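Written below as structure tokens is the structure these notes are about.
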Amino acid sequence: MLRAPLLLAALLALPLAAQSPRVALETPWGRIVIDVDTTNAPVTARNFLRYVDAGFYDGGVFHRTVTMRNQPRNKIRIEVVQAGANPARANEGFPPIPLERTSKTGLRHLDGTISMARDGPDTATSGFFLCIGPQPSLDFGGMRNPDGQGFAAFGRVIEGMDVVRRIQAAPAEGQKLTPAVRILKARRL
């Protein structure tokens, strides 16, 4: 496993496209197109793109919906849908990446923002979520996560927010989508 400074150096050494890369997530309910911000969040963006390029999201799933109604124990409520890599490839992923805090990137969790899911700082791998509406409690200093470090925003949905909202409204047991919504394939455009 690469140590964090070596991993960071390796990710930053990857070439960037002149224009922000775009990724299409194809679902049975339609397409979601994401503009990936490699300028302001280079480590997180490159991490997401390497999972896309390696095919990890083909067969992945949107597995979690968070709505105002299904988080009764949370003082700070959010609205997101969360997805991850193909469950059959769960043990094949890359090492976790350093957390790019919104205080450094200048990005914010707004309607359509894509961000990496994490437990503690520097633990993000392939899981990501899409915001429905502005979610400032997910930014640095926001207290949705008790550590106050926020989450690493790295792009935004530019097409398919209707699909994202439909996923959020899908049947769920608690926050678990039942059934999960498959990602048929994920590709750069």
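The values are calculated or read from the model by the stated rules, or taken from the named source; none is laboratory data. The model shown is predicted, which means the values in this text are computed figures rather than measured ones. Using ideal geometry, Cβ is built from the backbone for each residue, glycine included, and neighbour counts are taken over all protein chains shown.
Looking across the range 87-130, the residues that are among the polar types (S, T, N, Q) and in contact with a helix residue (DSSP H, G or I) (Cβ under 9 Å, 6 or more places away or on another chain) come down to T102, T105, T113, S115, T125, S126.
Within the range 103-120, the set of residues being assigned to a loop (DSSP other than H, G, I, E, B), modelled with pLDDT of 95 or more and out of contact with any strand residue (DSSP E or B) (no Cβ under 7 Å at 6 or more places or on another chain) comprises G106 only.
F140 - would you say it is aromatic (F, W, Y) and touching a strand residue (DSSP E or B) at 6+ places or on another chain (Cβ under 8 Å)?
Working: aromatic (F, W, Y): yes; touching a strand residue (DSSP E or B) at 6+ places or on another chain (Cβ under 8 Å): no.
No, not satisfied.
Before we move on, is A124 aliphatic (A, V, I, L, M) and in contact with a Pro (Cβ under 7 Å, 6 or more places away or on another chain)?
Details: aliphatic (A, V, I, L, M): yes; in contact with a Pro (Cβ under 7 Å, 6 or more places away or on another chain): yes.
The answer is yes for A124.
With the structure loaded, tell me whether R144 is of a type outside the set (D, E), touching a residue at least 60 places away in the same chain (Cβ under 8 Å) and under 20 Å from R31 (Cα atoms) or whether it fails that test. Spelling it out, it is not the case that R144 is of a type outside the set (D, E), touching a residue at least 60 places away in the same chain (Cβ under 8 Å) and under 20 Å from R31 (Cα atoms).
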